[in-house]
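The values are calculated or read from the model by the stated rules, or taken from the named source; none is laboratory data. Since we're looking at a predicted model, the values are computed, not measured. As a convention, Cβ positions derive from the backbone with ideal geometry for all residues, glycine included, and neighbour counts pool all protein chains shown. These accessible areas exclude ligands, DNA and RNA; they are computed on the full protein's heavy atoms, side chains included. Shrake-Rupley method; radii C 1.70, N 1.55, O 1.52, S 1.80 Å.
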Amino acid sequence: MVNFQLNRFVHRAALALLAVSMTAVRVCAVTPFENLVTNSTKGFLTISNCEDFRQHWRESQFGQLAADPTTQPFATDLLGQIRDRLIQQNFAIEIDWALVVASCDKELAIAAIQPDHDPAKHASVLLMDTTGRTEEAKKLTADIEAQLIKQKAHKQQRSLDGIELTTYTLPRQKGETSGRQVVHVHQEDLYLVSNSVDVAASLASRFARQDDANSLAQDTTYVSVQTKLKNEGGEQAQLRWYVQPVGFGQIIRASRPRSIKDKTILADQGFDAIQAMGGTCNLTVGQHDVEHHTYIYAPGEEGERFRLAARMLQFPNRTDWSIEPWVPTDVAAFSRFSWKLQEAFEYSTTLVDAFAGTDGFLNDVLDSIRDDPNGPKVDLRKELIEHLKDEGFVVSDNVVPTTPSSERTMAAVPLKQPDTVAKTLEKVFKEDAYARNSIVGQHVIWEILPSDNFGGNEPDWGNLDGLDGFEDDFSGDDTSEISKDQNSDFAITVAHGHLIISSQYSQLQDLLGAQKAAAPLSQSGDYQTINDHLLELGAGDDCARFFSRLSEVLRPNYELLRQGKMPESETMLGRLLNRVLGPEDKTEKRKQELNAQKLPAFQLLEKYLGPAGSFIQTHDEGWVIKGVILSPEVVQKHVKSSAMVGRPRR
């Protein structure tokens, strides 16, 4: 529901620390790193006790999966690539994680820092507590130095306030004004690697003086987030993370000025009301393989804290979370939300205008659709938006055999007057050269075809102010004859009292064309089990619920790996991996470097993968998210126990 550019730090740091825990890893004698880093830290992720975390990891379904003899070599290779890429992009080195294991079995942290709170400055820091592991840490230092010298880095050692700093300056690359630097400090039990000399020196000095003034731990926003997490059951944490979205976004832009445009649209549109977010994660706690807590902090007076487009963040809590009986059980994931959609649409206008770069852009488009004599003459506000109820759900599934587009996603919103909306769709699409309709059962499905499927001219969109420069040139044959075997860009229909939009026509066809109704998701044992565990965590009066089957979510990605087609994946996970592992030049297509052809059949791995679920609750100053991942054994025991007591299906 809230989307910020956290992927560069959160995804990378989480993957890096998770990977360390799998191959690495007692209680910290060095001051906790939240007391060492200053309040200029905009992103922070820490494992407080690596040895303990690693033990819990081994007991979890993911640890068992990674240790399975049939997948262990592949898992080690994949995680190694991820670790190396994440560290390489920030520190220009590839750390030997076996040496990290030997050097640090206590606290390990990664921080994204904005020196002096200056939006033009950035720094990344890797911190380790090497208490009792001095000799091992020296070997790690030697390995890092050997790599940097091989890259022809210039080594410089100096003493600053009694602190020994070793700085390596790499040769300047094309487009750089100066060579990148890697700074290393091993001060007593503190092991530090950074890309900023000033930050490294400052942190080492703070450590030597035991100075915690202006620390992250004392920052009022950080304290507010941590206090809320503790009050919501997240006090004990094996892993903790924290991000200030606005400051972190500035760090991203400062660190990659050539590839990221200096845009602050979200902040300008009021989303800076979200001052921070943080969370905890614990492995193998009670019956939970994974238990996580998150708090999104947006303080302020009701009616005043959000402005412009951020006013769309209205997610009222509700208690009815029943699932429509026509939602089939064979889904990969199901999520349901409560959202004031009509108000959200109106508040979104300034956001659309900002991205378009033209004030009044969206209203001009809507007016043209309504008034242009060559257009559909539909008032979308009155004939569509006003009929949406304040809730909806999203379903995803997979089709076999697996292809890069096997993942299908469908969104549905209940309607106040379904017949009116069905007529609206007909008016909008019946003269559209990019649309075709088909009858499935008693329902009309409209398929919208992508423009690159056509050799003809683009349809007449009317005179839309602000669209100059957006039109593409088309040439070729007439589009009156549309091939029935062309793939749709998306499909839309009105059925079961809902407006339903799918990424693929086949998903709607399967849903509406079944000869007999499939068993409903609400009666599925794993869904029931997740639901019960969420209730134990405090679910009930919520604004969103989520359920997923990890086996089905991961299946298409695994099969694509075996086929050597992962870079072509259109799944969410596939896109994330392609982003993390892909080339810096995003116009280049990633090549799959992993040889996964010898991986075992996916059926051999399903025994490790259970379901996941979470819920979100709207609070006075933000949102609380809680969730779990369960092992298949816990689900089986719960289903068996429920059957024995004859619990009614919900």
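Solvent exposure of residue 44, expressed as accessible area, is near 0 Å², computed with a probe of 1.4 Å over the protein chains only. Computed on protein heavy atoms with a 1.4 Å probe, the accessible areas place 241, 321 in the order 241, 321, largest first. Taking the accessible area of the range 348-456, probe 1.4 Å, and keeping the other protein chains in place, the carbon and sulfur fraction comes to 50%. Length available on full extension from residue 120 to residue 352: 0.36 nm per residue minus the Cα-Cα distance, which gives 80.8 nm. For residue 196, the residues whose modelled amide H falls within less than 5 Å of its own, excluding neighbours fewer than 5 places apart on the same chain, are 124, 183. Give the residue list of GluC sites (Glu not before Pro) in the range 151-205 that are DSSP loop and have at most 12 other beta-carbon atoms within 10 angstrom. Of the GluC sites (Glu not before Pro), the ones in loops of the range 151-205 whose Cβ has at most 12 other Cβ atoms within 10 Å are 176. Net charge dipole, the range 111-208: roughly 540 debye, given to the nearest 20, about the Cα centre with Cβ charges of +1 for Lys and Arg and -1 for Asp and Glu.
Here r is the Cβ-Cβ distance between residue 329 and residue 134 and R0 is 51 Å; the resulting FRET efficiency, rounded to 0.05, is 0.35. Size descriptors for the range 174-247 (Cα atoms only): Rg and Dmax, in that order, 16.5, 51 Å.
The simple spin-label model puts a point 7 Å past each Cα toward its Cβ; for residue 220 and residue 419 those points are separated by 5.8 nm. A Förster radius of 25 Å, combined with the Cβ-Cβ distance separating residue 607 from residue 640, puts the computed FRET efficiency at roughly 0.90.
Per-peptide packing, taken as the mean over residues of other Cβ atoms within 10 Å, places 333-342, 101-110 in the sequence 101-110, 333-342 from highest down.
Computed in the context of the full set of protein chains, the accessible area of the range 105-173 at 1.4 Å probe radius has 48% of its extent on carbon or sulfur.
Between residue 210 and residue 235, the FRET efficiency estimated from the beta carbon spacing at R0 = 25 angstrom works out to 0.45.
Extension gain for residue 565 to residue 151 (0.36 nm times residue separation, less C-alpha to C-alpha distance): 145.8 nm. Average accessible surface for the range 213-302: 43 Å² per residue, computed with a 1.4 Å probe over protein heavy atoms with every protein chain in place. The distance separating the Cα centre of the range 506-537 from that of the range 628-642 comes to 17 Å.
Tell me the carbon and sulfur percent of the accessible area for the range 268-341, rounded to whole percent, probe radius 1.4 Å. On the range 268-341, the fraction of accessible area on carbon and sulfur atoms equals 50 percent. Short-range pairs are left out: with C-alpha atoms under 8 Å and at least six residues apart, the relative contact order of the range 249-343 is 22 percent.
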